[in-house]
Amino acid sequence: MERELVDAYRESINAALGLLNEENLAEVHRLAELPDAVRGYEGVKLATVERYRADKARILRELQESADPEPTGAGQGR
């Protein structure tokens, strides 16, 4: 599990760096700090890993949504 977490962390940081700008720097920083919360043994660690994965997915989704341009409706027929 730990190796998978390291690989997934690297992938998420690389994805976030591709979306990095002045407006989302704080969110990328929060993403980078998420692994600090993964602690404990057995059930406790498994719970923190699940929370980490959920938080990571949420932050990455927010970063992606903030990077995507808003639909303007241009080119749509009436």
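Here, each number is a calculation from the coordinates, and none is a lab measurement. If you're wondering where the values come from, they're calculated on a predicted model, not measured in any experiment. Counting neighbours? That spans all protein chains shown, and the Cβs are built from the backbone with ideal geometry, glycine included.
Brief remarks follow.
- The stretch between Met1 and Ala47, if pulled fully straight at 0.36 nm per residue, gains 15.3 nm over its current Cα-Cα span.
- Dipole in debye (nearest 20) - the chain, about Cα centre, beta carbon charges: Lys, Arg +1; Asp, Glu -1: 220 debye
- Evaluated at q = 0.19 Å⁻¹: base-10 log I(q)/I(0), Debye formula over Cα of the chain: -0.80
- Cβ-derived FRET efficiency at R0 25 Å, Arg39 paired with Leu17, nearest 0.05: 0.45
- Förster radius 25 Å - calculated FRET efficiency between Glu65 and Ala8 (Cβ-Cβ, nearest 0.05): 0.80
- Relative contact order, percent, the chain [alpha-carbon distance under 8 Å, six or more residues apart]: 31 percent
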